[in-house]
1. Going residue by residue through segment 287-297, is there one that turns out to be surrounded by 16 or more Cβ atoms within 10 Å (Cβ to Cβ) and touching a Phe, Trp or Tyr at 6+ places or on another chain (Cβ under 7 Å)?
2. Across segment 298-329, which residue is surrounded by the most Cβ atoms within 10 Å (Cβ to Cβ) among those that are without any contact (Cβ under 8 Å) to a residue 60 or more places away in the chain and of a type in the set (G, A, S)?
3. Out of segment 196-218, which residues are over 15 Å from S164 (Cα atoms) and either touching a His at 6+ places or on another chain (Cβ under 8 Å) or crowded, with 18+ Cβ neighbours inside 10 Å (or both)?
4. Among S255, S292, S266, which is the only one that is more than 56 Å from the chain's Cα centre (by Cα) and among the hydroxyl-bearing types (S, T, Y)?
5. Only one residue in T265, T239, T336 is within 30 Å of G191 (Cα to Cα), surrounded by fewer than 16 Cβ atoms within 10 Å (Cβ to Cβ) and in contact (Cβ under 8 Å) with a residue 60 or more places away in the chain. Which one?
6. Could you tell me which numbered condition L148 fails, if it satisfies all but one of (1) over 19 Å from the mean Cα position of the chain (by Cα); (2) hydrophobic (A, V, I, L, M, F, W, C); (3) more than 22 Å from K29 (Cα to Cα)?
7. Could you say whether any residue in segment 179-186 is in contact with a Leu (Cβ under 6 Å, 6 or more places away or on another chain), closer than 30 Å to V244 by Cα and touching a residue at least 12 places away in the same chain (Cβ under 8 Å)?
8. Among the candidates S110, S122, S85, S90, which residue alone is surrounded by fewer than 17 Cβ atoms within 10 Å (Cβ to Cβ), of a type outside the set (A, V, I, L, M, F, W, C) and within 20 Å of I48 (Cα to Cα)?
Amino acid sequence: MIKIISFILLSLILTPSYAGEFTGSLTLKHPSYFFGSSSPISGNIDVISDSLTINTFSIYATTANATIIELLQPGTYSRDHTLASGATISRTGTIPAGKLGAYLVIESNSHSYQVFAAWTVSQDSKIFTNVRIPENTLVGGTLNGSVLSINYALPADAATVSVSIVGGSTHECSQPAGTTVTFNASSTLIGDIQVDRIDWDLDGTFFTSGVNASTLIPLGTHTVTATSTASNGMQDSDTVTVIVRDTTPPLLDISFVDELGNSVTSASAGDVKIEFNATDICDPAPIVSNGSAVPVMNTFDGDIISIDSQTGAVRLPTSAVRVTATARDSSGRASTSSSLLNFE
């Protein structure tokens, strides 16, 4: 148990906790061949779980696979490999101090090759640069004696943020100052980083922090920006445009109030006051204009309209009056309403 604990401690000291998908290149050069072989590679490395995989690649245009891969810390290792024929081949390699190493068995063109590899890991744990060691040389098969070189890198740390608007980019005004709109931020992370915070601003003015944000947006066109700050200090921002519009005209109620303060729909002799009550979702004080009052008379078949030949005046037996007015809000939306007061 003591040896196991010591190995774990050594691993933590020498090896950062890098992990992720990588891309790079694998090259082979045989001392007797004029041309070498080079192939792009990709795979995954996770040092904490002691895992390294390399996807299918090619050697001199022939498909090749690393069927056995073992990550190694600095030290000397001996490994045996049993061929399809039943024969066993052995290999011993040394990974230099301060380096990350691996033992690989490469299968290509019906041949198996044992090889060791070593890398210098960059300070940010992203770049793995091949280190030349004697055991880089392939053993076995027709490529016996070829020198292997593998270089690869993890993507640079990145944190991007994108903003979505709940309900879309256009909203109807729902209160005198505008409408409350909710925004969601999503982050895409590459590398071993996290998002520390997301700050929001409306038209350049900060208003809150968090993954989600809600704020009152006034009438008109505005910009909302989310800025994320990652654990490594990297920042990214996304800006969206949100439009708040007022397409709903005001409501206008025309009522009649008698001398006692009662709301009436019919009246006899006396004064009756006309009251305009205009309300609007977005404008707290819509303007009422274009008011008019038109007499109304009941007519029957055969009724006569008398017109004074001297003055042109018309005498009608008025039975009611119709009052009409128009209410208009600050967005220019208008509605017209009318109400009828009958005469008793």
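The values are calculated or read from the model by the stated rules, or taken from the named source; none is laboratory data. Predicted model only: the values in this text are computed from it and were never measured. A quick note on method: Cβ atoms are made from the backbone with ideal geometry, for glycine too, and the neighbour counts reach across all protein chains shown.
1. Yes, there is a match, as at least one residue in segment 287-297 is surrounded by 16 or more Cβ atoms within 10 Å (Cβ to Cβ) and touching a Phe, Trp or Tyr at 6+ places or on another chain (Cβ under 7 Å).
2. My answer is A320.
3. Within segment 196-218, D203, I217 meet the criteria.
4. S266
5. T239
6. (3)
7. yes
8. Answer to the selection: S122.
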